[in-house]
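I am attaching a structure below and will ask some questions about it afterwards.
The values are calculated or read from the model by the stated rules, or taken from the named source; none is laboratory data. Computed from a predicted model, the values in this text were never measured in an experiment. Neighbour counts are summed over all protein chains in view; Cβ atoms, including those assigned to glycine, are modelled from backbone coordinates with ideal geometry. Only protein heavy atoms, including side chains, enter the accessible area calculation; ligands, DNA and RNA are left aside. Shrake-Rupley method; radii C 1.70, N 1.55, O 1.52, S 1.80 Å.
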Amino acid sequence: MDYSRYFRDYPDKDGYFGEYGGRHVPPELEKPFREVADAYQSICHSAEFINELRRIRREFQGRPTPVYHCNRLSRHLGNCQIYLKREDLNHTGAHKLNHCMGEGLLAKFLGKKKLIAETGAGQHGVALATAAAYFGLECEIHMGLVDIAKQAPNVTRMKILGAKVVPVSRGLQTLKEAVDSAFESYLASYEDSIYCIGSALGPHPFPLMVRDFQMCVGLEAREQFKEMTGILPDAVCACVGGGSNSAGMFSAFLADPVDIYGVEPLGRGPGKGDHAASITFGKKGTLHGFDSYVLEDENGNPDPVYSIASGLDYPSVGPEHAFWKDLGRVNYVTATDEEAVDAFFKLSRYEGIIPALESAHAIAYAMRLAKEMQTGAILVNCSGRGDKDVDYIVERFGYGENYKFPEA
Ligand SMILES: *Cc1c(COP(=O)(O)O)cnc(C)c1O
């Protein structure tokens with residue numbers, strides 16, 4: 001594969017990365033999604049759009065976020081040096097705002113009035129409500145009743161930001177039903193609205209668009225790391241849920257002599273229902289409008305998934321990751337709940353940075369890799385901050401002093 005041509009060749013015009021991706025939607029939705037794809041293809045090369053997005057990133061989001069050398073953590077582990085890309089310092093505390101601001105700006109350029117999305121844990125809902133407030137757009141977030149009860153603080157944030165939270169009471173009252181409900185609402189109002197997906201997945205053009213909007217993470221980090229050290233890192237590492245923060249990070253390094261690691265959540269272990277490691281244990285299939293690796297049974301029903309990090313528990317993965325897996329360009333590996341919690345405490349204690357449990361998966365794997373590599377440098381994407389996770393962690397693990405971690 002010639003990676004210098006990669007971005008011109010993939011995805012193809014139908015949204016395929018090799019055999020993954022595409023756009024499998026009900027015929028009624030084909031037209032609105034095609035319109036968004038056409039609009040994006042022209043706008044993404046427009047200087048006006050790009051410059052406006054750059055200004056927003058600088059003035060509103062606080063970008064570039066820094067790259068930070070974890071001196072004390074690295075010394076604790078040996079001689080290999082760990083660096084973090086600090087997406088936890090992006091406005092709202094995670095990388096998700098990067099694509100929500102892009103989607104909001106696209107909506108504005110298209111003259112739409114409303115942003116529609118579903119949310120599970122509420123992180124995407126909060127980021128999108130933030131974008132909607134910034135652009136003066138209406139925002140409608142569909143959320144299962146079960147999730148509304150579990151994620152009360154995020155529901156409060158969305159409402160403060162002016163979003164309308166639509167409670168979904170059908171079925172299991174969680175993410176899947178919220179997706180159906182959001183799709184129906186979009187179908188009824190697509191002339192005026194745009195559907196905003198929360199990761200680098202879904203029907204074309206979303207995997208492409210979200211990847212592009214997240215690429216600021218990798219492009220900044222690559223330049224910053226080179227400026228700090230004069231060279232490139234030996235390895236780059238990020239957690240993979242739907243695959244947006246990792247796609248943004250990895251795509252800047254595809255053509256470089258750098259090892260790339262995507263870390264999937266192994267949860268309680270490899271048993272069905274105990275993890276959400278879709279690439280590691282999944283098989284080729286179709287879910288939510290695109291082809292990729294899917295965790296599903298013989299009848300094509302998605303498996304139940306689990307992770308301590310609610311942002312990682314999705315039974316499939318963005319199609320570009322499936323492609324990178326098959327190309328052998330990215331190594332897909334795993335970290336368990338326990339390893340993530342261990343990394344959560346170590347980063348807090350050694351560096352004064354409390355990471356999101358999602359990000360702690362990437363840090364956990366980097367800690368393991370640092371011991372194996374012994375020398376060199378690893379650049380890890382710290383996709384978000386851990387404030388949202390502290391109550392749950394303390395309830396289950398106390399303050400970390402008395403808990404025996406696997407490595408100890
Ligand atoms: C949502 C979330 C993730 C997982 O989503 P990706 O699309 O895989 O990046 C990771 N980290 C944080 C902090 C999140 O909020």
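Hey, if we sort Leu219, Leu77, Leu161 by accessible area with the 1.4 Å probe, largest down, what's the order?
Largest accessible area first, the residues go Leu219, Leu161, Leu77.
Per residue, how much accessible area does the chain show when a 1.4 Å probe rolls over the protein heavy atoms, in square angstrom?
Result: 40 Å² of accessible area for each residue.
Please give me the summed charge of the neighbours of His124: other residues whose Cβ is under 10 Å from its Cβ, Lys and Arg +1, Asp and Glu -1.
It works out to a net charge of 0.
Roughly speaking, what is the stretch gain from Leu172 to Asp12, that is 0.36 nm per residue apart minus the C-alpha to C-alpha distance, in nm to one decimal?
54.0 nm
Could you list, in their original order, any pairs among Lys31/Lys108; Lys112/Lys159; Lys96/Lys284; Lys346/Lys371 whose Cα atoms are separated by more than 24 Å?
Where the Cα-Cα span goes over 24 Å, the pairs concerned are Lys96/Lys284.
As an exercise, identify the trypsin sites (Lys or Arg not before Pro) in region 121-199 lying in DSSP coil whose Cβ has no more than 15 other Cβ atoms within 10 Å.
Counting only loop positions with at most 15 other Cβ atoms within 10 Å, the trypsin sites (Lys or Arg not before Pro) in region 121-199 are Arg170.
Which value, in Å³ per residue, describes the convex hull spanned by the Cα atoms of the chain?
That works out to 133 Å³ per residue.
With all protein chains present, how much of the accessible area of the chain (probe radius 1.4 Å) comes from carbon and sulfur, to the nearest whole percent?
Heavy-atom surface of the chain belonging to carbon and sulfur, 1.4 Å probe: 50 percent.
Once you sort the root eigenvalues of the Cα gyration tensor of region 1-158 as a ≥ b ≥ c, which label holds: rounded (a/c under 1.5), prolate (a/b larger than b/c) or oblate (the other case)?
Cα axes put region 1-158 in the oblate bin.
By the scheme Lys and Arg +1, Asp and Glu -1, what is the net charge of all other residues having a beta-carbon under 13 Å from that of Phe323?
Net charge in that neighbourhood comes out at -2.
For region 137-195 and region 360-393, what is the separation of their C-alpha centers, rounded to whole Å?
31
Let me ask another. How high is the relative contact order of the chain? Use alpha-carbon pairs under 8 Å, at least six apart in sequence, and give a whole percent.
19
Helix 27-43 versus the longest principal axis of the chain: what angle, 0 to 90°, nearest 10, using Cα atoms?
Value to nearest ten degrees: 60.
Can you list which of the trypsin sites (Lys or Arg not before Pro) found in region 181-264 are DSSP loop residues with at most 11 other C-beta atoms within 10 Å?
For trypsin sites (Lys or Arg not before Pro) across region 181-264 that sit outside H, G, I, E and B with at most 11 neighbouring Cβ atoms in 10 Å, the list is empty.
Treating region 259-355 as a set of equal point scatterers at the Cα positions, no solvent, please give the Debye-formula log₁₀ I(q)/I(0) at q = 0.12, 0.21, 0.23, 0.24 Å⁻¹.
At q = 0.12, 0.21, 0.23, 0.24 Å⁻¹ the computed log10 ratios are -0.41, -1.03, -1.15, -1.21.
In Å, what is the Rg of the alpha-carbon atoms in region 21-103, and how long is Dmax?
Here Rg and the maximum Cα pair distance are 19.0, 57 Å.
Here's another thing I want to ask about it. Based solely on its DSSP helices, what 222 nm [θ] is calculated for the chain when runs of n ≥ 4 H residues each add -39,500 (n - 2.57) and the sum is averaged over all residues, nearest 500 deg cm²/dmol?
So the helix-based figure for the chain works out to -13500 deg cm²/dmol.
Determine the shape class of region 302-408: with a ≥ b ≥ c the square roots of the Cα gyration tensor eigenvalues, call it rounded for a/c under 1.5, and otherwise prolate if a/b is greater than b/c, oblate otherwise.
oblate
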